[in-house]
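Working notes for the structure below.
Please treat every number below as a calculation from the coordinates, not as lab data. Note that this is a predicted model, so its numbers are computed, not measured. Cβ placement follows ideal geometry from the backbone for every residue including glycine, while neighbour counts extend to all protein chains displayed.
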Amino acid sequence: MDVALQFAPATADRWPDFERLFGPQGAFCGCWCVALRLPHAVRMRMSAGERKDAMRRRIEARPPPGLLGYHVGEPVAWVQVGPRSDVPQFNSPRTVSRPLQASEAQDESVWALSCFFLSSPLRGKGLSHRMLTAAIAHARAAGARYLDACPIDHAKQSKSVALCIGSTTIFDAAGFEIVARRKDGRPLMRLELRQ
């Protein structure tokens with residue numbers, strides 16, 4: 001079955017769609033996609049409701065922190081993509097996703113694709129490629145020079161929750177290159193958007 005997806009930036013007027021997609025539990029154990037926005041110690045002291053409120057405030061603040069994907073008018077997908085500065089924990093010097101140069105953490109032309117989320121019924125159908133294609137187009141249209149990701153090489157199954165960071169395979173297919181390998185199975189990959 002071919003699943004058509006349409007994408008739109010996650011703007012304040014689309015918050016109800018984001019909320020519906022993430023459901024009452026906030027996707028991955030109540031994360032609400034703030035894991036890379038807030039320090040671990042801060043995040044762990046917050047309730048799921050507080051994390052939800054933090055993400056709502058972020059979406060309302062603009063620019064959009066990612067894209068929502070729709071199938072037949074229903075929100076079914078999320079891609080967190082934007083400047084690295086918007087996801088400070090992605091830049092932590094202790095993480096495998098840290099930038100090649102420290103200055104890139106604040107360079108608005110260096111973007112990061114840090115999270116995918118797809119509604120359960122559509123997982124395992126190869127839709128990550130389409131989500132990645134939309135994220136690349138969005139970053140390019142916004143003037144990004146580089147798009148970085150830190151995917152996982154292997155997962156036990158195509159529906160694995162660990163794939164919220166994406167599979168190396170889809171980034172390879174989209175033309176990303178490995179620019180650092182700081183941990184087995186977690187390469188830092190980059191796509192140059194301006195040539």
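General observations
- Karplus-derived 3J(HN,Hα), 6.51/-1.76/1.60, for each residue of region 59-65, Hz, glycine and proline x: 5, 5, 6, 6, x, x, x
- Amide hydrogen neighbours beyond the local backbone of residue 112, cut-off 5 Å, H modeled: 82, 84, 148
- Helix-derived mean residue ellipticity, 222 nm - over the chain, DSSP H n ≥ 4, -39500 (n - 2.57), to 500: -7000 deg cm²/dmol
- What you get for region 25-71, charging only the Cβ of Lys and Arg (+1) and of Asp and Glu (-1), is a dipole of about 100 debye around the Cα centre.
- Taking θ as phi - 60° and the Karplus parameters 6.51, -1.76 and 1.60, the scalar couplings of region 138-147 work out to 5, 5, 5, 5, 7, x, 5, 8, 10, 10 Hz in sequence order, x denoting glycine and proline.
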